[in-house]
Amino acid sequence: MTTLLYDGSFDGLLTAVFEVFEYKYGDVEIKNRETFQQENMFAEIHEVVTQQEKSEKVLNKLETNIGKPGINDLLRVYLSEDSELEQLILSAVKQSIKYPDENILKNFANDDILKISKICKSVSRERHRMTAFVRFEKMQDDIYFAKIDPDFNVLPLIRKHFKDRYADQKWMIYDLRRHYGIFYDLKNCEFFYPEEKLNLNQYQEKFHDEEKKYQKLWQSYFTKTNIKERKNTKLHIQHVPKRYWKYLTEKW
């Protein structure tokens, strides 16, 4: 068994995939260097150095064989943070090379492809819910701030949606679980990686006065328009699962 250790990035993973073929590894596994714990003391360790050139060669080959939609599916698998994501992506690349004239991502008779399909559906569903349930709060510096805690790392998948929808105001979206975010300054929309985790107590102290008034007004409106006789908690949870309530001002 040969274990390839990469830096956790998508380019690093594709570099590792390239080197599986470059060095003709047979019995092989790819692991994130940051979370790797060696269980097989006899396994040979190969340290992968991320190389853009190798990553792009894999992407070009994939675009030829499975197209951009197929690459997007594999990106969703990567962002799922599934424990088997590296092996699933390696399996898909191998099959795309073995069967270049087939749409291998539709071959649900294959266990790996079936799991890839299920993961993509779950990640896409989470992406949709994040675009629906994200709530921005106006801060003292006039930047609109939103915090999220998604099951999957969907921040890269929602960046374009919010950039297009809120192009006329400065905003930030911060992932509480993964401790990074996106900042849009009316020109650029970039990822940021703070050295310290967000302090929620200090964060609330920096609300703009308008934001505090808006939250009270919205909570009051929601309470008064809520008709108890028509309350259907089961249906409500079906459309807005409880784990998303923490984003909604009216649920505080």
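The values are calculated or read from the model by the stated rules, or taken from the named source; none is laboratory data. As the structure is a prediction and not an experimental result, all values here were calculated from the model. Neighbour counts run over all protein chains shown; Cβ positions are idealised from the backbone, glycine included. Note: areas computed on protein heavy atoms with side chains; ligands, DNA, RNA excluded. Shrake-Rupley method; radii C 1.70, N 1.55, O 1.52, S 1.80 Å.
Computed quantities for the displayed model
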| quantity | calculated |
| --- | --- |
| Search result, residues across region 134-170 that are buried (at least 18 other Cβ atoms within 10 Å of the Cβ) and either without any contact (Cβ under 8 Å) to a residue 24 or more places away in the chain or in a helix (DSSP H, G or I) (or both) | LEU155, LEU157, ILE158, PHE162 |
| Number of positions in region 180-195 that are assigned to a strand (DSSP E or B) and farther than 9 Å from LYS170 by Cα | 7 |
| In region 15-29, residue nearest to the chain's Cα centre (by Cα) [restricted to those that are open to solvent by 40 Å² or more (accessible area, probe 1.4 Å) and farther than 16 Å from SER91 by Cβ] | GLU22 |
| Qualifying residue in region 198-218 (condition: open to solvent by 50 Å² or more (accessible area, probe 1.4 Å), within 22 Å of the chain's Cα centre (by Cα) and at pLDDT 75 or above) | yes |
| Which numbered condition VAL20 fails, given (1) closer than 14 Å to LEU85 by Cα; (2) in contact with a strand residue (DSSP E or B) (Cβ under 7 Å, 6 or more places away or on another chain) | (1) |
| Region 81-113, residues that are acidic (Asp, Glu) and under 20 Å from ASN60 (Cα atoms) | GLU86, ASP101, GLU102 |
| Flag for LYS147 being modelled with pLDDT of 95 or more and either hydroxyl-bearing (Ser, Thr, Tyr) or out of contact with any helix residue (DSSP H, G or I) (no Cβ under 7 Å at 6 or more places or on another chain) (or both) | no |
| Subset of region 34-47 [open to solvent by less than 90 Å² (accessible area, probe 1.4 Å) and within 24 Å of ILE116 (Cα to Cα)] | PHE36 |
| Residue ID - most open to solvent (accessible area, probe 1.4 Å), chosen from residues in region 177-197 that are more than 19 Å from ASP142 (Cβ to Cβ) and without any contact (Cβ under 8 Å) to a residue 12 or more places away in the chain | GLU195 |
| Test: ARG135 is within 15 Å of the chain's Cα centre (by Cα) and of a type in the set (Lys, Arg) | no |
| Residue ID - least open to solvent (accessible area, probe 1.4 Å), chosen from residues in region 48-71 that are under 20 Å from ASP7 (Cβ atoms) and among the polar types (S, T, N, Q) | SER55 |
| Criterion violated by ASN188 - all others in (1) of a type outside the set (Phe, Trp, Tyr); (2) over 16 Å from the mean Cα position of the chain (by Cα); (3) under 27 Å from VAL77 (Cβ atoms) satisfied | (3) |
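Yes or no, residue by residue, for (1) buried (at least 18 other Cβ atoms within 10 Å of the Cβ); (2) of a type in the set (Gly, Ala, Ser); (3) touching a helix residue (DSSP H, G or I) at 6+ places or on another chain (Cβ under 6 Å):
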position	(1), (2), (3)
TYR78	yes, no, yes
GLN87	no, no, no
GLN95	yes, no, yes
TYR99	no, no, no
LYS106	no, no, no
ASP111	no, no, no
LEU114	no, no, no
SER117	no, yes, no
VAL123	yes, no, yes
